[in-house]
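The values are calculated or read from the model by the stated rules, or taken from the named source; none is laboratory data. Source: prediction; values computed, not measured. All Cβ positions, glycine included, derive from the backbone under ideal geometry; neighbour counts span all protein chains shown.
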Amino acid sequence: MIYIFTALHCEAHIFIKQYKLIKNQEHTWFHEFCNDTAGIRLVIAGVGEIATAAAVSSICSLYRPAKDDLLLNVGICAHAAKNDGIFLCSKIIESATGKTFYPDMLYRHNFCEGTIVTGMLPWNDENAAPSQELYDMEAAAVYQAGIHFFGPHQMLFLKIVSDNGTAKEMSRERVAHLIEQYQNRIFDYIGQLAAITQTTNVHKNELHQEQEKLVETFCADLHCSKAMRDSMQQSIRYLTLAGIDYVSVIRDMYEKKLLPCKDKREGKVRFEEFKRRLF
């Protein structure tokens, strides 16, 4: 399943039409649309960090996304130096706190990458981001709420430049028209993401029980904490997708008597060694 979050209906209408999404009439607190066959669930969260965080938390708590699901945040943004363009955000900065977040860019794409600043207020001269950065009111909230349900590699942020500080002049019709200009590229990207999800499931099904047992033993012998185990699962996911033979490296570490580790501290050292050899 791909979870799509937008702030406005005029940003969401292309998905509703393309994927024949049906509105969920049971949930009245957020506008939710879904097509299980297409594997798309769309939520119109509203404008701003608070509304966005509430929507992401509520929907994800209700449906509990799986490890192979993806989150896609799509919407308009401002940019001081550009009047158009579509960007995949590789860095997110929250203006109010100065916190910085980095979605993992594991999947190939044909978009320009950009940094986006998220603020509580619409763009103006006082809260404007540097000229080379994008500006919106939702991305940081999507990331911070989404990280409780998705890994950094499962969250993607597509932003379309709509203005350079003149948001008050943007109408619903203009936003809808702008989104439509990039819809084919967005749909192609969603198709790629859907194919990646299917490929991941195939790899998972093809993973031999012997390999699964080896990885579980590896984590136990490293004395993995919850954070280390999650990091290990993310690394294994990437290695599997990339077709890299990580099993041989694990077995080699056992043959060289580097495993099992005597404690968690040594386990961290061995884990870092494992990642260095493969990445």
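Could you tell me whether segment 11-18 includes any residue that is under 18 Å from G191 (Cβ atoms), touching an Asp or Glu at 6+ places or on another chain (Cβ under 8 Å) and either free of Cβ contacts under 8 Å to residues at least 40 places away in the same chain or buried (at least 21 other Cβ atoms within 10 Å of the Cβ) (or both)? No; the residues of segment 11-18 include none that is under 18 Å from G191 (Cβ atoms), touching an Asp or Glu at 6+ places or on another chain (Cβ under 8 Å) and either free of Cβ contacts under 8 Å to residues at least 40 places away in the same chain or buried (at least 21 other Cβ atoms within 10 Å of the Cβ) (or both).
Residue count for segment 238-257 under the criterion of being over 19 Å from D221 (Cβ atoms) and touching a helix residue (DSSP H, G or I) at 6+ places or on another chain (Cβ under 7 Å): the result is 3.
Considering only residues in segment 67-92 that are at pLDDT 90 or above and out of contact with any Phe, Trp or Tyr (no Cβ under 8 Å at 6 or more places or on another chain), the one that is farthest from Y3 (Cα to Cα) turns out to be G85. Scanning segment 168-189 for residues that are under 14 Å from L8 (Cα atoms) and of a type in the set (A, V, I, L, M, F, W, C), we see that the one that is farthest from the chain's Cα centre (by Cα) is M170.
One residue stands out among those in segment 100-122 that are among the charged types (D, E, K, R) and over 19 Å from H79 (Cβ atoms): the one that is nearest to the chain's Cα centre (by Cα), which is D104. Name the residues in segment 36-60 that are among the aliphatic types (A, V, I, L, M) and either without any contact (Cβ under 8 Å) to a residue 24 or more places away in the chain or not in a strand (DSSP E or B) (or both), would you? Hits for segment 36-60 are A38, A45, V47, I50, A51, A53, A54, A55, V56, I59. Here is the figure for segment 19-38: residues that are crowded, with 17+ Cβ neighbours inside 10 Å, closer than 19 Å to S58 by Cα and either among the aliphatic types (A, V, I, L, M) or touching a helix residue (DSSP H, G or I) at 6+ places or on another chain (Cβ under 8 Å) (or both) total 4. The number of residues in segment 1-35 being farther than 22 Å from T118 by Cβ and either assigned to a loop (DSSP other than H, G, I, E, B) or among the basic types (K, R) (or both) comes to 12. Selection of first residues in segment 165-192 that are at pLDDT below 95 and of second residues that are surrounded by fewer than 16 Cβ atoms within 10 Å (Cβ to Cβ) and of a type in the set (K, R), restricted to Cβ pairs under 9 Å at least 6 apart or on distinct chains, gives the following pairs, ordered by first then second residue: Q192/R108.
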